[in-house]
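One structure is given here, and the rest of the page talks about it.
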Amino acid sequence: MKAKLLSGKLLADRIKEDLKDEIKTLGFPLTIAAIEVGDNPASGLYLKAQRKTAEELGINYRLFKLETKISVEELLKLIGDLNQNNSIQGIIIQAPLPPHIERYKIIAAVNVLKDIEGMHPENLGYLLLGKPRFIPCTAEAVFSLVKSTEINLYGKEVVIVGHSEIVGKPLSLLFLNEFSTVTVCHIGTSSAGHLEVHVKMAEILVVAVGKAGLIKGDWVKEDSVVIDVGINKIEDKIVGDVEFEKASERASFITPVPGGVGPLTTAMLMRNLVRAAKIQKSVSQ
Ligand code: NDP
């Protein structure tokens, strides 16, 4: 294998060590309130990872598990109460929400200073302006992994496959702020038969789709950086969206799945929580 492995776990461990010191300095207990509506096996896994990381850092993790049929009004009432509660510094709205609840309306009701997922329209606006307050965790995890290669991003051809609000869109802004040339691909790109052409151009390739084997190993440009965000369960194995074996013979850096972006995402969430606690403390003084 030619490529060096980019381990999200190593980076996450370093971030968590720093956070432990920062939490001690803060001197008061931190609490996350996570809201889950209905039952979803995929989000269950993510919640478990969040709780585990929180516990490692001595952070309280309170899960509000609500029934699928909860009304928008009831949900907004709960968020209003959590916004007012000074012992809670961070609020998470677990995706997906049932179809009768519009996600952006719920996120917009969260206190902007407690929006540790960085999904509130105001926080996304700050990111657009190049002055981020909270960066969406998965996007920040990907960006940190790329930064850890110490490759100069100025003028680099960055191709992002997947344009979701939590990964592709915020990530495109982070790279733009570094003066990379950013191409964002999606289902339209694939339908037009153009995905291969774009991927072959990528000096930095990020794939966040959720389709195993979507990116063929021989599309990967020689000496590129490949970040595979995808999580797919194939029989009993977890794999990404990129054909790992072939891609790792061509790339200079590549993330493993699992062990790449995943562990770093929850560490970034906790980093946002500590940041939120500091901002809340400074505005209350
Ligand atoms: P979404 O379903 O919200 O987004 C998937 C994106 O992929 C969409 O933009 C979609 O485009 C695009 N897409 C779908 N099919 C194709 C195709 N054939 N060619 C090109 N683009 C396509 O997913 P998420 O962003 O939430 O997650 C993506 C993957 O990343 C999943 O596997 C998820 O499990 C994983 N993930 C991992 C995390 C981690 O911490 N490691 C955290 C979050 C997600 P369109 O909308 O136009 O159809």
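Computed quantities for the displayed model
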{"item": "Where labels lie 7 Å past Cα in the beta-carbon direction, separation of Lys216 and Ile234 in nm", "result": "1.5 nm"}
{"item": "Net charge, Leu113 excluded, C-beta distance under 11 Å - Lys, Arg +1, Asp, Glu -1", "result": "+3"}
{"item": "Ile187/Glu102 FRET efficiency (R0 35 Å; Cβ-Cβ; nearest 0.05)", "result": "0.95"}
{"item": "Solvent-accessible area of Val239 with every protein chain in place, 1.4 Å probe, in Å² to the nearest 10", "result": "40 Å²"}
{"item": "Three-way shape call for the chain based on the alpha-carbon gyration tensor, with the a/c threshold at 1.5", "result": "prolate"}
{"item": "Loop GluC sites (Glu not before Pro), the range 181-285, which have at most 16 other Cβ atoms in a 10 Å radius of their Cβ (DSSP)", "result": "Glu222, Glu235, Glu249"}
{"item": "Summed side-chain charge close to Ala202 - residues other than Ala202 whose Cβ falls under 14 Å, Lys, Arg +1, Asp, Glu -1", "result": "-3"}
{"item": "Solvent-accessible area, 1.4 Å probe, carbon plus sulfur percent, for the range 237-285", "result": "57 percent"}
{"item": "Given the chain, longest segment not containing exposed loop chymotrypsin sites (Phe, Trp or Tyr not before Pro) (DSSP; at most 14 other Cβ within 10 Å)", "result": "1-153"}
{"item": "Gaussian network model of the chain, Cα within-10 Å springs - most flexible of Ala192, Ala212, Ala202", "result": "Ala192"}
{"item": "Three-way shape label, the range 18-106, alpha-carbon gyration tensor, a/c 1.5", "result": "oblate"}
{"item": "Accessible surface, the chain, averaged per residue in Å² (probe 1.4 Å)", "result": "49 Å²"}
{"item": "Mean Kyte hydropathy of -0.5 or more with a Cα span along the axis of at least 27 Å, helices from DSSP in the chain", "result": "261-284"}
{"item": "Carbon and sulfur %, accessible surface of the range 86-161 computed with the full protein complex present, 1.4 Å", "result": "56 percent"}
{"item": "Contour excess over end-to-end distance, with Cα ends at Asn85 and Thr68 and 0.36 nm allotted per residue", "result": "3.7 nm"}
{"item": "Length-normalised contact order of the range 94-167 in % [C-alpha pairs under 8 Å, at least 6 apart]", "result": "22 percent"}
{"item": "Restricting the range 11-103 to GluC sites (Glu not before Pro) in coil, as DSSP defines it, with at most 14 other Cβ within 10 Å", "result": "Glu67, Glu102"}
{"item": "Selected from Ser252, Ser164, Ser180 as most flexible by GNM, with the chain as the system and alpha-carbon contacts under 10 Å", "result": "Ser164"}
{"item": "Carbon/sulfur fraction of accessible area - the range 1-85, other protein chains in place, 1.4 Å, %", "result": "56 percent"}
{"item": "28 Å Cα-Cα threshold exceeded, pairs from Lys4/Lys237; Lys24/Lys65; Lys20/Lys69; Lys16/Lys281; Lys147/Lys211", "result": "Lys24/Lys65; Lys20/Lys69"}
{"item": "Residues of the range 255-280 with amide N under 20 Å of the 7 Å Cα→Cβ point at Leu5", "result": "255-267"}
{"item": "DSSP-defined beta bridges in the chain - what % are antiparallel, rounded to 5", "result": "10 percent"}
{"item": "Gaussian network model of the chain, Cα within-10 Å springs - most flexible of Leu128, Leu26, Leu11", "result": "Leu26"}
{"item": "Spatial separation of Cα centroids for the range 201-249 and the range 7-67, in angstrom", "result": "27 Å"}
{"item": "Cα centroid of the range 79-125 to Cα centroid of the range 167-195, whole Å", "result": "26 Å"}
{"item": "Fully extended contour minus Cα-Cα distance, from Asp223 to Lys246, at 0.36 nm per residue", "result": "7.0 nm"}
{"item": "Potential lengthening between Lys20 and Glu196 on full extension [0.36 nm per residue; Cα-Cα distance subtracted]", "result": "59.0 nm"}
{"item": "Helix-only mean residue ellipticity at 222 nm for the chain, each DSSP H run of n ≥ 4 adding -39500 (n - 2.57), per residue, nearest 500", "result": "-13500 deg cm²/dmol"}
{"item": "Longest site-free stretch - the chain; sites: trypsin sites (Lys or Arg not before Pro), DSSP loop, at most 15 other Cβ within 10 Å", "result": "70-210"}
{"item": "Residue-count net charge about Met268 - beta-carbon cut-off 11 Å; Lys, Arg +1, Asp, Glu -1", "result": "+1"}
{"item": "Nitroxide proxy distance, nm - points 7 Å out along Cα→Cβ at Glu122 and Lys281", "result": "2.1 nm"}
{"item": "Anchor Lys221: aspartates and glutamates whose Cα lies under 12 Å away (excluding residues fewer than 8 positions away in-chain)", "result": "Glu157, Glu196, Glu203, Glu249"}
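The values are calculated or read from the model by the stated rules, or taken from the named source; none is laboratory data. Note that this is a predicted model, so its numbers are computed, not measured. FYI the Cβ positions are ideal-geometry reconstructions off the backbone, even for glycines, and counts take in every protein chain you see. Please note that ligands, DNA and RNA were not included when accessible areas were found on the heavy atoms of the full protein model with its side chains. Shrake-Rupley method; radii C 1.70, N 1.55, O 1.52, S 1.80 Å.
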